[in-house]
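One structure is given here, and the rest of the page talks about it.
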Amino acid sequence: MIAENIKNIRENVARTCFRIGRDPQSVELVAVSKTFGIDNIAEALSAGQLDFGENYVQELVAKRNALAEKPIRWHLIGHLQSNKVKYIVEWIHLIHSVDSESIAQEIQKRAANCNRIVDVLVEINTSEEATKFGVKPSVVMDLLKRISNLPNVRLKGLMTIGPFTEDKDQSRKAFKTLKEIFDQANAGNVLREPMTILSMGMTHDYDIAIEEGATMIRIGTAIFGSRTQQ
């Protein structure tokens, strides 16, 4: 079933891309495996899925240890506390949730200690909902510039979580905001090197995110099923 779900999502992504004149290969799929077991991940892996996202460092580390021999690219997509950076910095593929200079500085310190450059995204609270993590759009440019100058942190792009609503116009507005910030930062004399990743779109809104320029989508329910079934 998981393999079939992945196939369906990739077909949906391709249809959306063809409709708007994009190359389907320009959209990466991250399977969000939080709360799901090793067997579920192994099934997705056997279907060719290599990128997996986790929300919690403890769960991420446990799964990574259990699957250490597998060619998995692990993503941290949940909030990252400074005291947890040391547990993932040596092997994490991409951190999606940098939302302050202090967390970026901690990643820099730990990455320098193990002689590694760590790829990160800055999380932006595009819908400005009080319950969400992320940088406010109004103050993000200065933060992007400072993070871009850290030698062991490579700023690859931006991430946002769309609003928790079925109103597609609200979702589109949030994704447009992220793309505008992305384009503005890349066009200005702000960054050491251009960003390439826009991580936005989940099960309920990834088609809209792709229409607005997403290069990475984070899908859990549509791959693994509802978490309430666990």
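The values are calculated or read from the model by the stated rules, or taken from the named source; none is laboratory data. Fair warning: this is a prediction, and the values are worked out from it, not measured in the lab. Cβ atoms come from the backbone with ideal geometry, glycine included; neighbour counts cover every protein chain shown.
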Do we find a residue being among the β-branched types (Val, Ile, Thr) and exposed (fewer than 14 other Cβ atoms within 10 Å of the Cβ) anywhere in the range 23-37? no
Flag if Ile208 is in contact with a Gly (Cβ under 6 Å, 6 or more places away or on another chain) and either of a type outside the set (Ser, Thr, Tyr) or free of Cβ contacts under 8 Å to residues at least 60 places away in the same chain (or both): no
Residues located in the range 89-144, provided they are among the hydroxyl-bearing types (Ser, Thr, Tyr) and in a helix (DSSP H, G or I): Ser102, Ser138
Has the range 156-169 got at least one residue that is within 17 Å of Thr203 (Cα to Cα), of a type in the set (Lys, Arg) and modelled with pLDDT under 95? yes
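Each row is one residue, and each column tells you yes or no for (1) hydroxyl-bearing (Ser, Thr, Tyr); (2) surrounded by 23 or more Cβ atoms within 10 Å (Cβ to Cβ); (3) under 18 Å from the mean Cα position of the chain (by Cα).
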residue: Ile117; (1), (2), (3): no, no, yes
residue: Thr126; (1), (2), (3): yes, yes, yes
residue: Lys136; (1), (2), (3): no, no, yes
residue: Met141; (1), (2), (3): no, no, no
residue: Leu150; (1), (2), (3): no, no, no
residue: Arg154; (1), (2), (3): no, no, yes
residue: Leu158; (1), (2), (3): no, yes, yes
Please go through the range 186-221 and give me each residue that is aliphatic (A, V, I, L, M), buried (at least 19 other Cβ atoms within 10 Å of the Cβ) and out of contact with any strand residue (DSSP E or B) (no Cβ under 8 Å at 6 or more places or on another chain), ordered by number. Ile208
State whether one or more residues within the range 67-84 are of a type in the set (Lys, Arg) and assigned to a strand (DSSP E or B). yes
